[in-house]
Amino acid sequence: MSSVFPDLRPHFPALHQTVNGKPLVYLDNGATSHKPRAVIDALVRYYERDNSNVHRGLHALSMRSTDSFEAARARVAAFIHAQDQAEIVFVRGTTEAVNIVARGLGAQLKPGDVVLTTEMEHHSNLVPWQQVAKATGATLCYVPVLGADGEGGLDLAALDTLLTPQVKVFAFTHISNTLGTINPAAELCRRARAVGALTVIDAAQSIGHEPLDVQALGCDFLAFSGHKMCGPTGIGVLYGRRALLDAMAPDETGGGMVVSVDYQGARWKPSPERFEAGTPHVAGAVGLAAAMDYIDAVGRESIAAHDHELAAYARQRLAEIPGMRILGPTAGQPRAGIVSFALGDAHAHDVVTFADQDGIALRGGHHCNQPLMRKLGLPSTARASFYLYNTREEIDVLAASLLKIQKFFAG
Amino acid sequence: MSDLTDLYQAVILDHNKRPRNRGRLPTATRVASGDNPTCGDNCTVYLRMEGDRIAEISFDGSGCAISQASASFMTTQVKGRTADEATARFAEFKDIVTTGRQPEDFSEVAAFAGVHAFPARIKCATLSWHAAIDALKQPDQPLQS
């Protein structure tokens, strides 16, 4: 696959640097991706030409900014196949999106209700639900992760007993940021819908990596960030079915989201403005739309195939190293471009510091996934995560570095 | 990797692999814990005081080689010392790991001077010391089982 996949590296300025005297090998894409020139140019163009506040101005620049902002919204709607651009709320990122949904739906929860999530959630799709459960008296339940190394994925058989009519919300990740597991999101949504539960998908790790269609998934809400998909930091999206968004109370109030205000109270605009109090991140939305154009020009099917191929190759190369414990799907099973591992007695932070000396950017820690790490009996792991500009040669550099580290700590 | 081998030279690896005074101290009269939330490192320090002097000390927890070695080293540095002496030791240790200054005495600490080149890891090196100082500030009470 890599032989036919185009070399996109010239498009990414930040990749062309040395770190500790070695060419940068950037394998921390699960945390954030680098930005192509097209996205950087879109941000600069916006600030140099259109920059103005949106929605409230009647002058030329304000109208241009408003047009760019709303065009970005339409671009996002098309990217995920939303029916209506009013279903696209611009937020800071996945975390804010989940918080809006959790508190919005939380207002409708009561004791006896169940919020179902999974044992593989990022803290951003876990802690907001814990808070809502505490505030409302609802119960938080978890779909177990199977296997000593999490290789079995979600326990789909347990769903039959877990998905009771008391479940009002089922919130789950599309792709695990720790395990690299690709969850059967459409099936999970279908089964949740059968008991009347609303579904919330954390798409932070999937949005820029896999084809994604909210109609095909059948989800009620979907949350993602721009910065993991070639876009700017500080911009993300909450997608929600329009009727559900319009029935939800706003999380933040202020300017831009009200129809009318008097000294006694205010009335809210419908979605999306209802959830966008204050001046939005206009440049971020413009940059996000440019990122979506870039990704679609490459093709999400081929990006996914490239990611999966790199992950399979990394898994194979890392497995050759003595004492290596690799989390998530076994060889041959589908795996997103994420490989987390524990290297013998070497702690993840030592591994990451050593790899950094070879110019390799890895993630080390609990990956905002502390309960899962505890369940797997690991204080932390190191993680390599891949994207459209990574190559097999970079994985060879990683494997050589890890072998050196293994020998150092075993010696 | 030469900078790193400086940092992880024999003393650190030795303390990491064969930690001194590791484990819960059943006779402890003071306990304090510290966390490094970015890493997930944690460290609990147990003290048994005799008057103002640290008669026994141990540590427990998990973390990287630097934090584990530093905890092990710390116990060897403060055992038998008064609270003031231990606090002074910490001040010197902290100065060495943040500035890279080579110490005049207690030579083993020289290995930790390399930490200063890796600012993200200074917290790893000081975690157990902070826990020990916290424990020293507490009143004596029997360890709860």
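Among the listed pairs A:375/A:407; A:110/A:134; A:228/A:375; A:404/B:17; B:17/B:137, give every one whose C-alpha distance is greater than 20 Å. Cα-Cα > 20 Å for A:375/A:407; A:228/A:375; B:17/B:137; rest within.
Counting only whole DSSP H helices of chain A, the ones at least 15 Å long by C-alpha along their axis and with mean Kyte-Doolittle hydropathy no lower than 0.0 are A:60-80, A:94-106, A:282-298, A:392-410.
Report relative contact order for chain A in percent, whole number only (criteria: Cα-Cα under 8 Å, sequence separation at least 6). Reported relative contact order: 22 percent.
Give me the accessible area buried between chains B and A, both sides summed, with a 1.4 Å probe, in Å² rounded to the nearest 100.
Details: alone 7250 and 16310 Å², together 22080 Å².
Approximately 1500 Å², summed over both chains.
Between residue B:87 and residue A:242, the distance separating the two model label sites (each 7 Å from Cα on the Cα→Cβ line) works out to 6.7 nm. Comparing A:178, A:118, A:164 in a Gaussian network model of chain A where C-alpha atoms under 10 Å apart are linked, the largest mean-square fluctuation is found at A:164. Think of each Lys and Arg Cβ as +1 and each Asp and Glu Cβ as -1; about the Cα centre, that makes the dipole of the protein assembly as shown roughly 480 debye.
Relative contact order of region B:2-137: 29 percent, from C-alpha pairs under 8 Å at least 6 residues apart in sequence. Rounded to the nearest 10 degrees, the inclination of helix B:83-99 to the longest alpha-carbon principal axis of chain B is 20 degrees. Spin-label model, residue B:120/residue B:99: points 7 Å from Cα along the beta carbon direction are separated by 2.6 nm.
Accessible area per residue for chain A in Å², computed with a 1.4 Å probe and the full protein assembly in place, what is it? Please report the intermediate quantities before stating the final value.
On the way: 15570 Å² over 411 residues.
Spelled out: the 1.4 Å probe surface of chain A, per residue, equals 38 Å².
Answer rounded, prolate or oblate for region B:2-137, using the Cα gyration tensor with square roots of eigenvalues a ≥ b ≥ c: rounded when a/c is under 1.5, else prolate when a/b is larger than b/c, else oblate. Since a/c reaches 1.5 and a/b is larger than b/c, the shape of region B:2-137 is classed as prolate.
Can you sort A:123, A:174 by solvent-accessible area, 1.4 Å probe, largest first?
Numbers: A:123 40, A:174 20 Å².
Largest accessible area first, the residues go A:123, A:174.
More than 38 angstrom separation, counting every C-alpha pair in chain A; what % is that?
Values: 18869 of 84255 pairs.
Tail of P(r) above 38 Å: 22 percent of Cα pairs.
If the chain linking residue A:164 and residue A:320 were pulled fully straight, counting 0.36 nm for each residue of separation and taking away their Cα-Cα distance, it would gain 51.7 nm.
In whole percent, and with a 1.4 Å probe on the protein chains, what portion of the accessible area of chain A is carbon and sulfur? Don't skip to the answer; put the middle values down first.
Numbers: 8530 of 15570 Å².
Here carbon and sulfur together make up 55 percent of the probe-accessible area.
Here the spin labels are modelled as points 7 Å beyond Cα on the Cα-Cβ line, and at residue A:127 and residue A:330 they lie 3.6 nm apart.
The dipole here belongs to chain B: it is taken about the Cα centre, uses +1 on the Cβ of Lys and Arg and -1 on the Cβ of Asp and Glu, and is about 340 debye. Contact-buried residues of region B:111-133, at a threshold of 40 Å² lost accessible area versus the chain by itself: B:121 (1.4 Å probe; DNA, RNA and ligands ignored).
The values are calculated or read from the model by the stated rules, or taken from the named source; none is laboratory data. Predicted model, so just to flag it, every value in this text is computed and none were measured. All Cβ positions, even for glycine, are placed from backbone atoms using ideal geometry, and neighbour counts span all protein chains on display. Note: areas computed on protein heavy atoms with side chains; ligands, DNA, RNA excluded. Shrake-Rupley method; radii C 1.70, N 1.55, O 1.52, S 1.80 Å.
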